Amino acid sequence: MKHKLYFIALLFINILTTSCSLDDIDYQNDFEKSQNNWLDFKESSNDSYKYLVSGGSVFTDYGWETTITVSNGVIIERHFEYTGNTVNIPVDQLEWTENENEINSTKYEYSLAATALTLDEIYLKAEQDWLIKRKNATSYFESENNGLISTCGYVEKECMDDCFIGIIIESIVNL
């Protein structure tokens with residue numbers, strides 16, 4: 001009888017710890033469905049695609065777009081462009097392109113360009129950071145790019161201005 005109680009107790013503890021680990025991120029089911037769509041897209045596109053990340057500020061009326069190009073799983077280009085109100089931005093910083101050897105090495109100190117990541121890296125970051133359940137934040141996840149990730153991140157509660165931490169992908173197309 002004693003062994004039976006130990007077995008039941010261990011089984012119960014195992015069920016509790018397993019169920020908690022499966023529920024560590026917000027939007028778990030939506031994320032997994034999108035990740036499966038990504039794996040299908042990755043295979044059909046030979047891991048060659050282009051995606052557009054957007055950002056900006058609702059308070060200052062400026063925006064920006066970064067286009068990342070990936071060929072056979074390798075980032076080969078990052079293109080950046082300011083949009084909207086660009087009055088205080090130097091002309092040489094309004095738009096620029098980095099090629100394979102210089103990715104993520106912009107010379108502009110205050111560049112708002114999205115970091116060049118592959119979609120594999122974005123899905124990993126979503127799972128390990130952006131969608132982690134937090135008591136002091138609200139998470140967001142959308143997959144409006146034919147089932148692929150489009151909005152993923154969080155906003156800390158009581159933050160007032162431009163507080164989204166994550167990524168907004170406007171489009172994903174294969175090459």
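Read-outs throughout are calculated quantities, based only on the coordinates presented, and are distinct from any laboratory measurement. Remember, it's a predicted structure, so these values are computed and weren't measured experimentally. All Cβ positions, glycine included, derive from the backbone under ideal geometry; neighbour counts span all protein chains shown.
Check off (1) of a type in the set (Val, Ile, Thr); (2) in contact with a helix residue (DSSP H, G or I) (Cβ under 8 Å, 6 or more places away or on another chain); (3) over 15 Å from residue 55 (Cβ atoms); (4) surrounded by fewer than 17 Cβ atoms within 10 Å (Cβ to Cβ) for residue 132 and give me the number that stays unchecked.
(2)
Determine whether residue 108 is of a type outside the set (A, V, I, L, M), without any contact (Cβ under 8 Å) to a residue 24 or more places away in the chain and either touching a helix residue (DSSP H, G or I) at 6+ places or on another chain (Cβ under 6 Å) or surrounded by 13 or more Cβ atoms within 10 Å (Cβ to Cβ) (or both). If you could, list the steps in order and put the result at the bottom.
Numbers: of a type outside the set (A, V, I, L, M): yes; without any contact (Cβ under 8 Å) to a residue 24 or more places away in the chain: yes; either touching a helix residue (DSSP H, G or I) at 6+ places or on another chain (Cβ under 6 Å) or surrounded by 13 or more Cβ atoms within 10 Å (Cβ to Cβ) (or both): yes.
Considered against the rule, which asks whether it is of a type outside the set (A, V, I, L, M), without any contact (Cβ under 8 Å) to a residue 24 or more places away in the chain and either touching a helix residue (DSSP H, G or I) at 6+ places or on another chain (Cβ under 6 Å) or surrounded by 13 or more Cβ atoms within 10 Å (Cβ to Cβ) (or both), residue 108 comes out as yes.
Report, by residue number, each residue of region 35-61 that is closer than 28 Å to residue 163 by Cβ and small (Gly, Ala, Ser).
Listed by number, the residues that qualify are 54, 55, 56, 57.
Which residue pairs have Cβ atoms under 6 Å apart, sit 6 or more places apart or on different chains, and have a first residue in region 68-89 that is within 22 Å of residue 109 (Cβ to Cβ) and a second that is small (Gly, Ala, Ser) and part of a strand (DSSP E or B)?
83/63; 84/63
Here is a check on your reading of the model: is residue 84 under 13 Å from residue 54 (Cα atoms), of a type outside the set (Ser, Thr, Tyr) and exposed (fewer than 15 other Cβ atoms within 10 Å of the Cβ)?
On the way: under 13 Å from residue 54 (Cα atoms): yes; of a type outside the set (Ser, Thr, Tyr): yes; exposed (fewer than 15 other Cβ atoms within 10 Å of the Cβ): yes.
Taking the combined requirement at face value, the residue satisfies it.
Scanning region 151-175 for residues that are more than 17 Å from the chain's Cα centre (by Cα) and either farther than 26 Å from residue 35 by Cβ or hydrophobic (A, V, I, L, M, F, W, C) (or both), which turns out surrounded by the fewest Cβ atoms within 10 Å (Cβ to Cβ)?
160
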